[in-house]
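Here is the structure we will look at.
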Amino acid sequence: MNVIPFNKPYLTGKEGHYIYQAVLSGKISGDGIFTKRCHAFLEKKYGFKKCLLTTSCTDALELAALLINIGPGDEVIMPAYTFVSTANAFVLRGAKIIFCDSQKDRPGMDEDLIESLITARTRAIVPVHYAGIACDMDKIMDLAAKYNLYVIEDAAQAIDSYYVGKDGIPKPLGSIGHLAAFSFHETKNIMSGEGGMIVINDERFFERAEIIREKGTNRSKFFRGEIDKYGWVDVGSSFLPSDIIAAFLFAQLENIEDIQQKRKHIWSTYYEALKPFEGKGLFHLPFIPSYATNNAHMFYMVLNGLNERNDLIDKLAKSGINAVFHYLSLSKSPYYTSKYDSAELTQSDRYTDCLLRLPMYYELDPNKVLDVLVKVFDK
């Protein structure tokens, strides 16, 4: 039986060549020639004010928490239906996480619930653009302005996706909040195995972001010749990726248009073939609001219950197709259960039980998956 994996990393063909160039350059530690190329590419293409590659999206979120000085007693609002890194970055600094429920028609946080969660201790809102589908950033930024809060976009899944706000202008996700974090993990559209990026849209954080990323030193200024020696000037950690990782990433970035076109074709093939079965009430397909674009990060289905979801996973597995579920609501995780004392998060829990992700990668033939799904649903 030929097995169809859930994910398969795609190589453009230039990764090894660029890694070789990086090694020959004599500098394979952080902020080498390919790191700089990645920064320049992303800032130009998406209009990000400042990009800094990190070793992971987790590190980018932790760097963001340090930048806004999160500490004990602070509260941070975020969805419960997200990866643990979204919360860990702030828990590590002593903050209390205030979970917001998901939307009924999509896993992203319900922006209409956020204001009721804000208290005098709230410091930040962390919207997660689940599946690369934008949260309503106008609502979130308006609340942030009203209550003097920071907005940190968790854009781990959102490269090359946009939000069309009240002004009608498409804005790249990650360019709207004060800060944003991206992932280049091997499961993402553009990847480097492990890797991430912090985007700084607020100029107040430009200099300090460099310092924290460089172990709390002003070494970046030293390398640019702006100071004659560097020292320890702030808290920090080692958030820089090797230039070998950046070399791999740059090969991916150069091919982003081709990668995105192929992924969107696969996504649309799934959607069009499964739409008739959604009309029979068997499941729900992804909903994309009018203000959001689709970057085809993932294709998911929301079944009618836990048993239906698990049954479909088993049937696909017997045909060699690896479909998977996604997050367990963080509010019900073993670590956080005793710390969570608010209302039930009905929608978040529903996605925990009912959401199923289909294989999605560049070289996938979606019709091989659909052949099995159609047989299952046609009965």
* To do: Enumerate the pairs (first residue in region 51-78 and under 15 Å from A180 (Cβ atoms); second residue anywhere and assigned to a loop (DSSP other than H, G, I, E, B) and of a type in the set (D, E)) with beta-carbon separation below 6 Å, excluding pairs fewer than 6 apart on the same chain, so at least 6 apart or on different chains.
  => S56/E194
* Residue that is farthest from A89 (Cα to Cα), among those in region 189-229 that are surrounded by fewer than 23 Cβ atoms within 10 Å (Cβ to Cβ) and hydroxyl-bearing (S, T, Y) -> S220
* Exactly one of (1) surrounded by fewer than 22 Cβ atoms within 10 Å (Cβ to Cβ); (2) under 20 Å from the mean Cα position of the chain (by Cα); (3) outside any loop (DSSP other than H, G, I, E, B); (4) in contact (Cβ under 8 Å) with a residue 60 or more places away in the chain is unmet by N88. Its number? -> (4)
* Tell me which residues, restricted to region 156-207, are closer than 18 Å to P289 by Cβ and of a type in the set (D, E, K, R). => D160, K166, D167, K171
* Which of the residues that make up region 319-369 are in contact with a Phe, Trp or Tyr (Cβ under 7 Å, 6 or more places away or on another chain) and in a helix (DSSP H, G or I)? -> L330, S331, S348, Y351, T352, P366
* **Among the candidates Y351, Y361, Y335, residue that is closer than 19 Å to A80 by Cβ, surrounded by 15 or more Cβ atoms within 10 Å (Cβ to Cβ) and aromatic (F, W, Y)** => Y351
* **Filtered residues of region 121-140 (kept if in contact with a His (Cβ under 8 Å, 6 or more places away or on another chain) and farther than 18 Å from S329 by Cβ)** => G132
* Asked: All but one of (1) buried (at least 23 other Cβ atoms within 10 Å of the Cβ); (2) closer than 17 Å to I244 by Cβ hold for A64; which doesn't?
  -> (2)
* Unmet requirement for D142, which otherwise passes all of (1) under 23 Å from R106 (Cα atoms); (2) open to solvent by less than 60 Å² (accessible area, probe 1.4 Å) -> (2)
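Given the structure, is A87 over 24 Å from D349 (Cα atoms) and either of a type outside the set (V, I, T) or out of contact with any Ser or Thr (no Cβ under 9 Å at 6 or more places or on another chain) (or both)?
No, not satisfied.
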* **Filtered residues of region 230-262 (kept if open to solvent by 10 Å² or more (accessible area, probe 1.4 Å) and assigned to a helix (DSSP H, G or I))** => I244, I245, F248, F250, E254, E257, D258, Q261, K262
* Does E272 satisfy the condition of being under 20 Å from the mean Cα position of the chain (by Cα) and either surrounded by 15 or more Cβ atoms within 10 Å (Cβ to Cβ) or at pLDDT 95 or above (or both)? -> no
* Residue in region 102-115 that is surrounded by fewer than 18 Cβ atoms within 10 Å (Cβ to Cβ), farther than 30 Å from F283 by Cα and touching a residue at least 24 places away in the same chain (Cβ under 8 Å) present -> yes
* Asked: Has region 284-307 got at least one residue that is over 18 Å from Y130 (Cα atoms), free of Cβ contacts under 8 Å to residues at least 24 places away in the same chain, part of a helix (DSSP H, G or I) and open to solvent by 30 Å² or more (accessible area, probe 1.4 Å)?
  -> yes
* Do we have any residue at all in region 20-30 that's assigned to a strand (DSSP E or B) and crowded, with 22+ Cβ neighbours inside 10 Å? -> no
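The values are calculated or read from the model by the stated rules, or taken from the named source; none is laboratory data. Please read these numbers as outputs of a predicted model, since none were measured by experiment. Neighbour counts run over all protein chains shown; Cβ positions are idealised from the backbone, glycine included. What goes into the accessible areas is simple: the full protein's heavy atoms, side chains included, and nothing from ligands, DNA or RNA. Shrake-Rupley method; radii C 1.70, N 1.55, O 1.52, S 1.80 Å.
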